[in-house]
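Have a look at the structure below, then the notes.
Values in this text are rule-based calculations from the coordinates and carry no lab data. Just so it is clear, the model here is predicted, and its values are computed rather than measured. FYI the Cβ positions are ideal-geometry reconstructions off the backbone, even for glycines, and counts take in every protein chain you see.
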Amino acid sequence: MVQFLIKRFIGLIFVVIGVTFITFVMGYFAPGDPIRAMMGSHYDPVVYVQLKHAYGLDQPFFVQYWHFLTGLFRLDFGLSYQIQNRPVWDILKDGVPISAELGFWALMLQVLVGIPIGIISALKANSWIDTTNMGIVLVMYSLPVFVFAVFFQVLVVAIDNGTGAQWPVANWGNAWHYSWSDIQFKIGPIVILALSLVAYLARITRTSMLEVLRQDYVRTARAKGMRERIVIYRHALRNALIPVVTILGLSLGLIVTGTFFLEEFFNIPGIGETTLQATQYRDYPVIQATAVLLAVAVVIGNLISDILYTLVDPRIKAS
Amino acid sequence: MDTKDKNQEITGHEYMPPDSVVSPLQLDPDLTVLAENDLATALSENELKELAEKKEKPATPLQDSLRRLRRDKRAMASVGVIGFLVLLAIFGPFIYQHIGGPYDSALNGTISPQVYHSYYHQELDRQDEGPSAQYWLGTDDLGRDLLARLMQGLLISISIAVLVEVVDITLGILIGVLAGFHGGWIDQVLARFTDIIFAFPGLLFIILVAGIFGAWADTHLSSIPIIGANGNARLLLVSLALAFVAWPLMARYVRGQTLQLKEQQFIEAARTAGTSDTRIILRHIVPNLFSIVVVAATLNMVNTIVAEAGISLLGLGVQTPGSSIGLMISQAQNLVSSHPWEILLPAGVLAIIVLCFSFFGDGLRDAFDPRSKD
């Protein structure tokens, strides 16, 4: 088990270096001279050299990459191109808790709703309940978040206009606060983000549960005359949930891309929205920082799910 | 919308069986149906003859798969819809621009349908109209024809899907087969590279590329005719980025399948007969990759279409005056309360495309690999 984790950890370091390198190279070879663009019409050779030095852009390639890499550990992503001398982290830091909040609740919903749907479908496999469930799940899973976001907003507007209700169409409220008005803001984006996650997990849970129900030990348990409830919840479910743990790690990727669209649609001031604004000003360090942050978050998520996996699956512990 | 996470479960179990592996004995489905009916009354002589012929010449696995696919009503209906949308995108604009008489515009003089039915012409005194005889699906907030814009958007979606898939399939097969067949350093490099690409969640990499090189593309690629003009300059960039993140997954599938095929007896037989590696790969391995490549490519097409729409929606893809389904959604975003139709139209069409491709992809997978169903 320790060996397995060490192997995974080495792989992780490799991936992080790869991701940061690709990101860095893109920024390094980005077209245009950012310092010149920043100075605009106030071009002055002396100030230009000073600024170039301040931004570390006069250093050789690998020195710059080294600074980029080591800076990550201190959350130091360099300085913004858009606003002189403003650290990138300063721009991003307000958005992080908001994006994290959105992702966190979507993940919670995924577990709380996705697993039960999958179990019910597996237990009633091929009945009308299962077919309807899986039909809905397929639609939830296939359609992109922004299509749901459009449908949701149109619906909310129609209801507001029709009934005179004041349900908010966009915006977020206070991060990690849950007064009634905060909840009104947050519930829409969270549910929409959770839709594809729930569908994903429901499908995996169903497949895994069906697989387990076919195993010999389940038949043995039934043959012993055990009550069906105990067979299902104590014998089958526990084992069926093992692969589900890994899915939670993979879900992070869906969450990250989903938040970009939802933040754009609902005007949520998270890091996705901040990054998109940065693209308009060609503020490359902000884009780079977000890409690296999110990629590293996904990699760490995968590592955590690997660790959980070794904890819940004794077969890995043994080998 | 997510480039790889979705594809990861295209095979519920590990790999699909190669096409050439003889499947366990199955009753001919046609015969089972017949057995239930009265044979004598149900069959004319001709049909009996056909059946006899069929018995002599057993269907190839591919024919079997196609028969299963044809019986999948949902998949076939989806193919119909996709086909209609493709025809609409390719021939629709041409036909539409020849329908309708000259129009006396208050702002632009007398104009022909060739002008007012084009996707970029603005008729500024006819904004946000509903469907009419002149504008079949109405106009947007700049007085542009929504049907024309939609058809152009469909064309963009289809071309980018085809473009990305060509690169995806070529690179995927090339690298995947080499990695699976020879192993060694190619396999190692592929594995590491895939790990890195998979760490970039879906659109993130494309956002990174489009965000950093988008402005450069706008100025430098827009002089290329057709693919660069009319705000499409970033499309080339986006499709390259999409192909770049798509092929490792394809290569991984191909590699797995190749590994499995390599152990099959017919490959061993070919090798014993002195067939060269190149010939084994071209004659025996590549043809057997057909089903897995087709299924993976179909499912990846949805991802590509959604990704393009998404990236244009975020303002990093197609730029005005060009049109794309994503751009249409983003431009109608402020009109949700006043003119919801303008945003529902592109979003609805995108939903239809995505569902049809998913149904078709699912149908294909079930047809090629019946065991994957449960």
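Tell me, in nm to one decimal, what length is gained between B:Leu282 and B:Gln114 on full extension, where the rule is 0.36 nm per residue of separation less the Cα-Cα distance? Walk me through the numbers before you get to the answer.
Values: separation 168, 0.36 × 168 = 60.48 nm, distance 4.90 nm.
Length gained, B:Leu282 through B:Gln114: 55.6 nm.
Which whole number gives the average count of other chain Cβ atoms within 10 Å of the Cβ atoms across peptide A:145-156?
Numbers: counts 4, 12, 12, 2, 4, 13, 5, 1, 6, 7, 2, 2.
That works out to 6 on average.
For the range B:108-115, what does the Karplus curve 6.51 cos²θ - 1.76 cosθ + 1.60, with θ = phi - 60°, yield as ³J(HN,Hα) per residue in whole Hz, taken in order and with x for Gly and Pro?
So the J values, rounded to whole Hz, are 10, x, 7, 10, 8, x, 4, 8.
Could you bin all the Cα-Cα distances of the range A:99-164 into 5 Å bins starting at 0 and give me the percent of pairs in each, rounded to whole numbers?
For the range A:99-164, the pair-distance distribution reads 3, 14, 14, 19, 18, 16, 11, 4, 1.
D for chain A, whole µm²/s, Stokes-Einstein with Kirkwood Rh over alpha-carbon pairs at 37 °C and 0.692 mPa s: what number? Could you put the intermediate results ahead of the total?
Numbers: Rh = 22.7 Å.
Stokes-Einstein gives a translational diffusion coefficient of 145 µm²/s.
Run through the range A:191-253 and list the trypsin sites (Lys or Arg not before Pro) located in a DSSP loop whose Cβ has at most 12 other Cβ atoms within 10 Å. Don't skip to the answer; put the middle values down first.
Details: sites: A:Arg203, A:Arg206, A:Arg214, A:Arg219, A:Arg222, A:Lys224, A:Arg227, A:Arg229, A:Arg234, A:Arg238; in loops: A:Arg214, A:Lys224, A:Arg227.
For trypsin sites (Lys or Arg not before Pro) across the range A:191-253 that sit outside H, G, I, E and B with at most 12 neighbouring Cβ atoms in 10 Å, the list reads A:Arg214, A:Lys224, A:Arg227.
Once amide H atoms are placed 1.01 Å from N in the peptide plane, what residues at a sequence separation of 5 or more from B:Ser105, or on another chain, have their amide H within under 5 Å of its amide H?
B:Thr110, B:Ile111
With θ taken as phi - 60° and the coefficients 6.51, -1.76 and 1.60, list the Karplus ³J(HN,Hα) couplings across the range B:284-301 in order, rounded to whole Hz; mark glycine and proline as x.
10, 8, 4, x, 7, 8, 3, 5, 5, 5, 4, 5, 4, 5, 4, 5, 6, 4
List the residues whose amide H sits under 5 Å from the amide H of A:Leu79, counting only those 5 or more places along or on another chain, with H placed 1.01 Å from N in the peptide plane.
A:Val88
Translational diffusion coefficient of the range B:154-227 at 10 °C, 1.306 mPa s, Stokes-Einstein with Kirkwood Rh over Cα pairs, in µm²/s as a whole number. It would help to have the intermediate numbers written out before the result.
Values: Rh = 15.0 Å.
For these conditions, the coefficient is 106 µm²/s.
I need the shape label for the range B:92-139. Rule: rounded when a/c is under 1.5, else prolate if a/b > b/c, else oblate, with a, b, c from the alpha carbon gyration tensor. Each step should come with its number before you reach the end.
Numbers: a/c = 1.61, a/b = 1.13, b/c = 1.43.
Judged from the Cα gyration tensor, the range B:92-139 comes out oblate (a/c at least 1.5, b/c at or above a/b).
For the range B:253-301 and the range B:137-211, what is the separation of their C-alpha centers, rounded to whole Å?
Here the answer is 24 Å between Cα centres.
For the residue pair A:Gln215 and B:Gln127, what label-to-label distance in nm results when each label sits 7 Å from Cα along the Cα-to-beta-carbon direction?
Computed distance between label sites A:Gln215 and B:Gln127 equals 6.4 nm.
Only counting other Cβ atoms within 10 Å, I'd like A:Met226, B:Met250 sorted with the fewest neighbours first. Please list the in-between numbers first.
Details: A:Met226 15, B:Met250 26.
Ascending number of Cβ neighbours within 10 Å: A:Met226, B:Met250.
Average partner chain C-beta neighbours within 10 Å, per residue of B:315-325?
Details: counts 4, 3, 0, 0, 0, 0, 0, 0, 0, 0, 0.
Partner Cβ neighbours, averaged per residue: 1.
For the pair A:Leu155 and A:Ile304, what calculated FRET efficiency results from E = 1/(1 + (r/R0)^6), where r is the Cβ-Cβ distance and R0 = 51 Å, to the nearest 0.05?
Values: r = 36 Å, r/R0 = 0.71.
That pair, A:Ile304 with A:Leu155, gives E of 0.90.
Would you please give the FRET efficiency between A:Val312 and A:Ile129, computed as 1/(1 + (r/R0)^6) with r the Cβ-Cβ distance and R0 = 30 Å, to the nearest 0.05? Kindly include the intermediate steps, with their values, before the conclusion.
Values: r = 28 Å, r/R0 = 0.94.
It comes to 0.60.
Quick check: pseudo-label points 7 Å beyond the Cα along Cα→Cβ at A:Trp167 and A:Tyr48, how many nm apart are they?
Between A:Trp167 and A:Tyr48, the simple spin-label model gives 5.7 nm.
For the range A:65-73, what does the Karplus curve 6.51 cos²θ - 1.76 cosθ + 1.60, with θ = phi - 60°, yield as ³J(HN,Hα) per residue in whole Hz, taken in order and with x for Gly and Pro?
Karplus values, whole Hz, x for Gly and Pro: 5, 4, 4, 4, 5, 5, x, 4, 5.
Taking just the alpha-carbon atoms of the protein assembly as shown, what radius of gyration and Dmax come out, in angstrom?
Gyration radius and largest Cα-Cα distance of the protein assembly as shown: 27.7, 99 Å.
For a distance above 21 Å, tell me the whole-number percent of Cα pairs in the range A:95-269 that qualify.
Working: 8338 of 15225 pairs.
Roughly 55 percent, once rounded to a whole number.
Using r as the Cβ-Cβ distance of A:Phe73 and A:Phe14, and R0 as 25 Å, what FRET efficiency do you calculate, to the nearest 0.05? Before the final figure, lay out the partial values.
Details: r = 17 Å, r/R0 = 0.67.
Between A:Phe73 and A:Phe14 the formula returns 0.90.
Quick one: among A:Gly164, A:Gly114, A:Gly56, which has the greatest mean-square fluctuation in a GNM of chain A with alpha-carbon springs under 10 angstrom?
Of A:Gly164, A:Gly114, A:Gly56, the Gaussian network model singles out A:Gly164 as fluctuating most.
Over the whole of A:297-306, what's the average partner chain Cβ count within 10 Å per residue? Rounded to a whole number, please. Intermediate values should be presented prior to the final figure.
Details: counts 2, 6, 6, 0, 1, 3, 0, 0, 0, 0.
If you average over the peptide's residues, the count of other-chain Cβ atoms is 2.
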